[in-house]
Amino acid sequence: MPNTNQKTNIIDLLIPLLALGLFTFGIGNYGLYEPHESHFAMVGNEMIWRGDWITPYLNGAPYLNKPPLIYWLIAISKTFFGNTEFAARFPIAIAGWLGIIVAGKWSKDLWGVTANRITVLMLSVSLGWFIFSHQILTDVLLATLVLASNYFLWKLLYKPQSLIYFFCLYFLIALCLLTKGLIGIFFIACSYIAIAIYHRNWYIFRKTKLLLGGLFILALVLPWCLAIERANPEFWHYFIFNEHISRIFDRRFPPDYVVSKINALGYLGITALWCVPWSLFLPSVFRFIWQQLKTDSKSQKTPQQDAILLLTNTFILPIIIFLPLSSRLIYYSIPAIPAYTILCASAFINQSSAEKIQLFTRYWIFKKINLNCVFDIYGYIVIVMGVIATIAIAIFPQLFQSFTVIKNYSIFTSLVLANILILALGFLVSGIELLKQNYALSFKSLVISLFVFYSMITIGFAFYQDIRSSKNLVRIVDTNLPINALWIFEGSREIGAAGGIAYYLNQGQEINQTEESITDNKELPLGFISGKGKKVYRNVLILEDSGENRTPPQFPGKKPNYLINKQQLQSHWDSTRPVVFVTDFMRDLTNPQDSIDLNLPNNAGRALLSIGKRQVYINQAAIKNFRRQDRRLY
């Protein structure tokens, strides 16, 4: 029989591995969602194809609204895993997993191994953390870096002589800057200020060698800062004013998507949703924070108190700084989730009686503990949540009428029904066990049901790709056209949608300048971009005069060569070259001023294909190819 320490080591290894499996399972099985995922993935591709790791390029032109770290990570991932959706999403999935590891380590340093296990499991099944670790956005990456920065700040406070903590702290702060710009270092600056005010002593800045650390940060980021400005004059003016100041006052151009914006009350609600199911324990978390931080002004602050202060600051800051801003988006509060989860696990640990909570002991059975009677209330609420999920099964057809456009709708509905049933059972069992004071069994049943629930959601993402991805559309159309077919996109608020089309036009294709099917002369035709060496890749033309809702971004530098006007569109449409025209899938179909045929070329005919809100039209030259390749499609 293995001894207790061996069992403990296996458990502490198994739990993070389960989390890793959950966060990487199926991430390559569904198309890139547009416009956000596709633009990040395509920029990563173009870094490799062009050999330019300084200036981000999208669709063959500089794309200057984000710092480079996320693009670098995607490009590195693609060098190992190829041009796949898995490679594109892998860095964010790993960032989410590393956030779980850092959160668990901080909890372990504070309250022991039990807190580590609880925190890892809680963050793994937090709704917002799961969802945004499965999509390419910078928020999970930033959240992990901010959490890790605060952790090493805390460690450096009590071991200022440690070079490891010093270099880790300021290296992570530099990465925050390269992830999200000035807002990345703003979060850490607030942590410094919070500690100084709490201690009523500004010695923290000397204790953590802030000046020397600042020089180290400059040494890391200044080379790229100078190189990007040299390659793209006025970059920093554009980046600071348009992407920071103008965004704060909701004057960024182009504006953020209306679908991602939310009012102040909704922002609080969506933050609570991202923390589900642990948002239920918010009153206990606030009570715990108050009990930990209240102290006599003259008394010595403990390491635990400083940690709770830093975690509270990290949890509350993303909420309160965006709450009064009209430019707030639904995912801006994601950095609050890891810190909240640690605080929630800490509150759970510290509300126990003198008897220690022991998780995953023999046969994986939790020892029974006596918690505050407030958990009776939580038990009833969890049961109500289970009942609501059960009711949702009964009214399911009415809830999902808008998803009837999904391919294999019957399979999709069966998957969703099974998933809701699993969730309902998990909540019901968890709530009943809470009332029976079987707290450990309640926690375990809820976590297991959520692991299954999220795994099935990942499978379900593939059904949603027809609504938010160009993957199937491009595959159906492009396989029936010659490689020199010209793709034109109606446009959107962000060119990320065009980036998605370009991504799939290039996936699985290797083109070089010697291909006779592309050109008979030395100059590449429209729709093709020259990369490093003899590398050639395809891009998508975009209408620049397709309406106020689709005005393209105006980055510093010359006008992108992918922009054309309606007159040029018509000229290409009437030519002998095969042309494909794709409509904007994000238009408001209820707006009479923005009808589906608003920007169609003359003699467009009927749509070749409709997938979700997208419609595809092809010209006469392309029709001839379709008839030769596959008569069933046209």
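Couple of notes before you dig in:
- Residues of the range 53-63 that are in contact (Cβ under 8 Å) with a residue 24 or more places away in the chain and open to solvent by 10 Å² or more (accessible area, probe 1.4 Å): Ile54, Gly60, Pro62.
- Criterion violated by Leu268 - all others in (1) in contact with a helix residue (DSSP H, G or I) (Cβ under 8 Å, 6 or more places away or on another chain); (2) open to solvent by 60 Å² or more (accessible area, probe 1.4 Å); (3) of a type outside the set (Gly, Ala, Ser); (4) modelled with pLDDT under 90 satisfied: (4)
- Taking every residue in the range 428-440 that is at negative phi and pairing it with any residue that is crowded, with 20+ Cβ neighbours inside 10 Å and among the charged types (D, E, K, R), at least 6 positions away or on another chain, the pairs with Cβ-Cβ distances below 9 Å are Ser430/Lys444; Glu433/Lys444; Tyr439/Glu433; Ala440/Glu433.
- Residues being under 17 Å from Phe86 (Cα atoms), open to solvent by less than 30 Å² (accessible area, probe 1.4 Å) and at pLDDT 90 or above - total across the range 449-469: 1
- Selected residue (criterion: nearest to the chain's Cα centre (by Cα)) from residues of the range 169-187 that are surrounded by fewer than 22 Cβ atoms within 10 Å (Cβ to Cβ) and under 17 Å from Phe315 (Cβ atoms): Ile183
- Residue count for the range 507-548, restricted to those that are assigned to a strand (DSSP E or B), more than 30 Å from Phe81 (Cβ to Cβ) and at pLDDT below 75: 0
- Answer from Ser279, Ser284 - the residue that is hydroxyl-bearing (Ser, Thr, Tyr) and at pLDDT below 90: Ser284
- Among the residues of this structure, Ile74 counts as one that is surrounded by 23 or more Cβ atoms within 10 Å (Cβ to Cβ) and either more than 19 Å from Glu243 (Cβ to Cβ) or not aliphatic (A, V, I, L, M) (or both).
Rundown of residues vs (1) among the hydrophobic types (A, V, I, L, M, F, W, C); (2) touching a residue at least 60 places away in the same chain (Cβ under 8 Å); (3) out of contact with any helix residue (DSSP H, G or I) (no Cβ under 6 Å at 6 or more places or on another chain); (4) not in a loop (DSSP other than H, G, I, E, B), yes/no style:
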| residue | (1), (2), (3), (4) |
| --- | --- |
| Ile195 | yes, yes, no, yes |
| Tyr198 | no, yes, no, yes |
| Arg206 | no, no, yes, yes |
| Leu215 | yes, no, yes, yes |
| Val221 | yes, no, no, yes |
| Cys225 | yes, no, yes, yes |
| Ile228 | yes, yes, no, yes |
| Tyr238 | no, yes, yes, yes |
| Phe253 | yes, yes, yes, no |
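- Breaking point among (1) among the polar types (S, T, N, Q); (2) buried (at least 18 other Cβ atoms within 10 Å of the Cβ); (3) within 18 Å of the chain's Cα centre (by Cα); (4) farther than 30 Å from Phe241 by Cα, for Thr84: (2)
- In this entry, Ala115 is excluded by the filter for residues that are in a helix (DSSP H, G or I) and modelled with pLDDT of 95 or more.
- Pairs linking a residue in the range 64-93 that is under 21 Å from Ile495 (Cβ atoms) and basic (Lys, Arg) to a residue that is open to solvent by less than 10 Å² (accessible area, probe 1.4 Å) and in a helix (DSSP H, G or I), with Cβ atoms under 8 Å and 6 or more positions apart or on different chains, are Lys78/Gly44; Lys78/Asn45; Lys78/Ala87; Lys78/Ala88; Arg89/Glu37.
- The residue pairs whose first member lies in the range 21-34 and is under 10 Å from His134 (Cβ atoms), whose second member is aliphatic (A, V, I, L, M), and whose beta carbons are closer than 6 Å, counting only pairs six or more residues apart or on different chains, are Phe23/Ala93; Thr24/Ala93; Ile27/Ala93; Tyr30/Ala462.
- Selection from the range 213-261 of residues that are among the β-branched types (Val, Ile, Thr), modelled with pLDDT of 90 or more and open to solvent by 20 Å² or more (accessible area, probe 1.4 Å): Ile217, Ile240
- Matching residues in the range 123-143 - criterion: being part of a helix (DSSP H, G or I) and open to solvent by less than 10 Å² (accessible area, probe 1.4 Å): Leu123, Ser124, Gly128, Trp129, Phe130, Asp139, Val140, Leu142, Ala143
- Among residues of the range 613-634 that are modelled with pLDDT of 90 or more and part of a helix (DSSP H, G or I), those with a Cβ under 8 angstrom from a residue that is small (Gly, Ala, Ser) and surrounded by 14 or more Cβ atoms within 10 Å (Cβ to Cβ), sequence gap 6+ or separate chain, pair up as Ala622/Ala485.
- When Leu569, Leu589 are checked against the criterion of being buried (at least 16 other Cβ atoms within 10 Å of the Cβ) and assigned by the TED database to the domain that holds Glu494, Leu569 stands alone in meeting it.
- Pro601 vs. criteria open to solvent by less than 50 Å² (accessible area, probe 1.4 Å) and either polar (S, T, N, Q) or assigned to a loop (DSSP other than H, G, I, E, B) (or both): yes
- Condition check for Ile483: in a loop (DSSP other than H, G, I, E, B) and without any contact (Cβ under 8 Å) to a residue 60 or more places away in the chain: yes
The values are calculated or read from the model by the stated rules, or taken from the named source; none is laboratory data. None of the values given here were measured: they were computed from a predicted structure. Backbone-built Cβ (ideal geometry, glycine too); neighbour counts: all protein chains shown. Each accessible area value is taken on the protein alone, full model and side chains, heavy atoms only, with ligands, DNA and RNA left out. Shrake-Rupley method; radii C 1.70, N 1.55, O 1.52, S 1.80 Å.
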